[in-house]
Amino acid sequence: MKNKILVTGGAGYIGSHTCIALHEAGYDIVVYDNLSNSSREAINRVSTLIGQSIEFIKGDTRDAEMLKQIFVAHQFFAVIHFAGLKAVGESVAKPLLYYNNNVSGSITLLEVMAEYNVKNLIFSSSATVYGDPETLPIDENSKRSCTNPYGQSKLAVEHILEDLSVSDQSWNLISLRYFNPVGSHPSGQIGEDPNDIPNNLMPYISQVAVGKLEKLSIFGNDYPTVDGTGVRDFIHVTDLAQGHVSALNYLEQQASSKSSSDTTSSVGFLPINLGTGKGTSVLELVSTFAKVSKQPIPYQFVARRAGDVASCYASADKAKALLGWQAKLSITDMCQDTWHWQSMNPNGYNET
Ligand code: NAD
Ligand code: WQD
């Protein structure tokens with residue numbers, strides 16, 4: 001058995017897919033999630049898919065006492081920290097909730113990690129930290145700026161991690177900046193299950209295809225892009241999950257290459273983009289989804305959405321050079337797997 005990993009937010013969309021990838025790579029995992037945006041059913045299904053039950057603890061990252069009990073009970077090599085709230089619009093309406101959950105939750109987790117001398121962390125950051133990019137593709141040295149509390153909370157945690165790495169060089173802190181995660185596990189058993197009406201494009205399209213929503217509103221057709229609609233770097237969630245395994249392997253290599261007397265870190269704070277490096281427009285995604293699902297996707301053009309940028313796609317070179325990771329799956333795979341999940345689970349994890 002390989003190292004033991006604590007996965008906060010492991011019941012959520014990206015976390016549940018990553019649990020499978022970690023298990024397949026031989027890691028022993030403990031999932032910690034308050035289920036504020038996920039369901040126990042996701043964990044049950046992951047357990048079925050991997051053929052063994054996952055150790056799941058319901059709890060909040062702001063609960064230091066509960067975290068301490070878990071660190072006493074387990075010897076972790078690293079923490080993968082997915083737990084956080086992620087709805088941009090909600091963050092504008094409830095900034096204190098977002099700063100408290102995402103920033104205070106991360107600080108509490110880091111304090112407990114420090115107390116138990118677990119100093120390897122993989123943090124879920126976002127391309128949102130780049131705001132409106134000055135140049136494309138976006139590399140990790142690009143200027144960071146955010147316009148909403150959700151993005152600010154991710155940026156704030158990155159700053160905390162940077163400061164921590166300066167204060168104590170034994171920390172190894174990888175910040176993975178995800179671009180636009182979409183798709184589902186090929187089994188169709190787990191996937192993205194948004195509460196209420198989806199804010200993001202792919203779940204909206206798939207709910208139109210399955211007949212739950214009437215038509216898609218495309219926010220703007222006058223951007224300076226290939227067809228006037230927004231361009232994003234969509235990445236399959238199973239590729240993204242694999243990126244976490246590669247990041248973990250990197251931390252292990254760094255740990256094993258250090259001599260036992262060397263308490264300084266060779267990782268420090270390390271931001272890495274996880275994207276494909278390719279941009280796809282909203283209309284291109286809609287037409288691929290219609291083709292693979294063989295369903296009509298009615299749409300209308302409406303005004304631009306406040307805060308949206310025209311184009312956003314990654315330079316994925318650093319992930320390839322340092323982690324040996326690159327995305328493999330295509331836009332067609334992303335649409336096929338999303339449709340598989342959506343058509344098998346029209347109401348998500350909720351059976352009714
Ligand atoms: P998700 O909402 O499906 O998963 C997050 C999980 O964290 C949920 O299961 C939720 O119940 C849990 N959680 C939230 N706050 C918690 C807390 N205080 N304590 C314990 N558990 C808590 O979201 P996701 O799409 O899987 O995203 C995972 C991470 O990746 C998030 O941090 C998100 O901000 C980040 N991210 C997501 C995207 C995206 O488009 N999905 C893009 C970039 C970054
Ligand atoms: C993609 C494109 C929309 C919905 C968001 C967060 C970001 C990150 C990923 C967490 C844009 C258009 C969308 C719709 C549309 N999350 N669109 N009609 O905005 O790139 O990124 O999710 O970190 O922080 O901001 O993703 O899927 O919302 O939008 O036309 O109903 O689809 O205008 O061009 P976005 P998205």
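How many of the residues in the range 296-347 are buried (at least 19 other Cβ atoms within 10 Å of the Cβ), within 16 Å of ligand 1 (Cβ to nearest atom) and not aliphatic (A, V, I, L, M)?
Total meeting the criteria: 7.
Go through (1) open to solvent by 70 Å² or more (accessible area, probe 1.4 Å); (2) assigned to a helix (DSSP H, G or I); (3) touching a helix residue (DSSP H, G or I) at 6+ places or on another chain (Cβ under 7 Å) one by one and return the number of the condition LEU285 breaks.
Single failed check for LEU285: (1).
Go through VAL118, VAL112 for me and flag whichever is within 13 Å of ligand 1 (Cβ to nearest atom), farther than 23 Å from TYR13 by Cβ and crowded, with 16+ Cβ neighbours inside 10 Å.
VAL112
Considering the range 153-175 alone, what residues qualify as being under 20 Å from the mean Cα position of the chain (by Cα) and without any contact (Cβ under 8 Å) to a residue 24 or more places away in the chain?
Of everything in the range 153-175, just one residue is under 20 Å from the mean Cα position of the chain (by Cα) and without any contact (Cβ under 8 Å) to a residue 24 or more places away in the chain, namely HIS159.
Would you mind stating whether GLY268 is buried (at least 16 other Cβ atoms within 10 Å of the Cβ), on the phi > 0 side of the Ramachandran plot and not charged (D, E, K, R)?
So GLY268 passes the test.
Looking only at the range 20-38, count every residue that is open to solvent by less than 30 Å² (accessible area, probe 1.4 Å) and closer than 21 Å to ASP63 by Cβ and tell me the total.
Number of matching residues: 5.
Find all pairs meeting these conditions: Cβ atoms under 8 angstrom apart; at least six residues apart or on different chains; first residue within the range 281-292 and within 15 Å of PRO203 (Cβ to Cβ); second residue buried (at least 21 other Cβ atoms within 10 Å of the Cβ) and of a type in the set (Gly, Ala, Ser).
VAL282/GLY230; PHE289/SER206; PHE289/ALA209
Can you spot a residue in the range 13-24 that is touching a residue at least 12 places away in the same chain (Cβ under 8 Å) and over 19 Å from HIS244 (Cα atoms)?
Taking every residue of the range 13-24 in turn, none turns out to be touching a residue at least 12 places away in the same chain (Cβ under 8 Å) and over 19 Å from HIS244 (Cα atoms).
Being of a type in the set (A, V, I, L, M, F, W, C), farther than 10 Å from GLN342 by Cβ and in a loop (DSSP other than H, G, I, E, B) is the filter here; which residues of the range 182-215 pass it?
Of everything in the range 182-215, those that are of a type in the set (A, V, I, L, M, F, W, C), farther than 10 Å from GLN342 by Cβ and in a loop (DSSP other than H, G, I, E, B) turn out to be ILE190, ILE197, LEU213.
Kindly evaluate LYS143 against the criterion of being farther than 30 Å from TYR313 by Cβ and open to solvent by 20 Å² or more (accessible area, probe 1.4 Å).
no
The values are calculated or read from the model by the stated rules, or taken from the named source; none is laboratory data. Computed from a prediction, not measured in an experiment: that's the story for all the values here. Glycine gets a Cβ as well: all are built from the backbone with ideal geometry, and neighbour counts include every protein chain shown. Just the protein is used for accessible areas: all its heavy atoms, side chains included, with ligands, DNA and RNA removed. Shrake-Rupley method; radii C 1.70, N 1.55, O 1.52, S 1.80 Å.
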